[in-house]
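Take a look at the structure set out below.
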Amino acid sequence: MNREERREFVTRNGTAIFGYTRRKDGPAMTVVFYVVSGDEILVSTMAARAKTKAVERDPKVSLCVLDGQWPPTYVQVYCEAKVERDHEANVDAAMLLAAVMAGKPMPEEVRPLVAEGVTRENRVVLRLTPYATFETPSRHVNSAEDINENLVHNLGVSLPW
């Protein structure tokens, strides 16, 4: 994929595996909904969750964006993250993320309910600024005929966002 294709791939998919460093043990991963907004990727979470605490300790995070198809294609995105606590910014992001989850825009009539949920759950937005991507060319076996001299696996490559 070229740069534009990678960005379009990330923009059109709304779920990813969110990776971050834990204080102890190995890296952590969790499934998140996200939305691309300008040059940022937005993830909503509760302030008390481990993701928030991890970003405050170490802003380096990653997203593994899968296309939801079989066999899967993916792009890993490396980001600098920061925690956004502004209530209105969180409500705006929650409205966008609800649209991602529903597969259609949310009507303004639900905004007060979304705002109430943001307050009740003490939600924050993780603002991710991508700086690099990683991709591995897909090579798949769908049948015995696919196993031949043309089935070659290549190394992946890190590329600028």
>> For region 128-161, which positions are surrounded by 16 or more Cβ atoms within 10 Å (Cβ to Cβ) and touching a residue at least 60 places away in the same chain (Cβ under 8 Å)?
In response: 128, 130, 133, 135
>> I need the full set of residues from region 90-146 which are closer than 25 Å to residue 79 by Cβ and among the acidic types (Asp, Glu), in order please.
In response: 92, 121, 135
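Name the one entry in 110, 125 that is outside any loop (DSSP other than H, G, I, E, B), more than 24 Å from residue 3 (Cβ to Cβ) and touching a residue at least 40 places away in the same chain (Cβ under 8 Å).
Numbers: 110 fails: touching a residue at least 40 places away in the same chain (Cβ under 8 Å).
Residue meeting the stated conditions: 125.
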> Mind checking which residues of region 78-95 are out of contact with any strand residue (DSSP E or B) (no Cβ under 7 Å at 6 or more places or on another chain) and surrounded by 15 or more Cβ atoms within 10 Å (Cβ to Cβ)?
Replying inline: 91, 92, 95
>> Residue pairs, Cβ under 9 Å, 6 or more apart or interchain, first in region 2-22 and more than 19 Å from residue 72 (Cβ to Cβ), second surrounded by 13 or more Cβ atoms within 10 Å (Cβ to Cβ) and of a type in the set (S, T, N, Q). List them.
In response: 3/133; 20/30; 20/62
> How many residues does region 1-28 hold that are over 11 Å from the mean Cα position of the chain (by Cα) and among the aliphatic types (A, V, I, L, M)?
Replying inline: 2
> If you check every pair at least six apart or on different chains, which have Cβ atoms under 6 Å apart with a residue in region 47-67 that is over 14 Å from residue 22 (Cβ atoms) first and a residue that is among the charged types (D, E, K, R) and surrounded by fewer than 16 Cβ atoms within 10 Å (Cβ to Cβ) second?
Replying inline: 59/80
> Any chance region 77-95 includes a residue that's at pLDDT below 95 and either part of a helix (DSSP H, G or I) or over 17 Å from the mean Cα position of the chain (by Cα) (or both)?
Replying inline: no
> In region 142-161, what residues are closer than 17 Å to residue 131 by Cα and of a type in the set (S, T, N, Q)?
Replying inline: 158
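The values are calculated or read from the model by the stated rules, or taken from the named source; none is laboratory data. Only a predicted model underlies this, so the values are computations on that prediction, with no experimental measurement involved. Here Cβ is always computed from backbone atoms with ideal geometry, including for glycine, and neighbour counts include all displayed protein chains.
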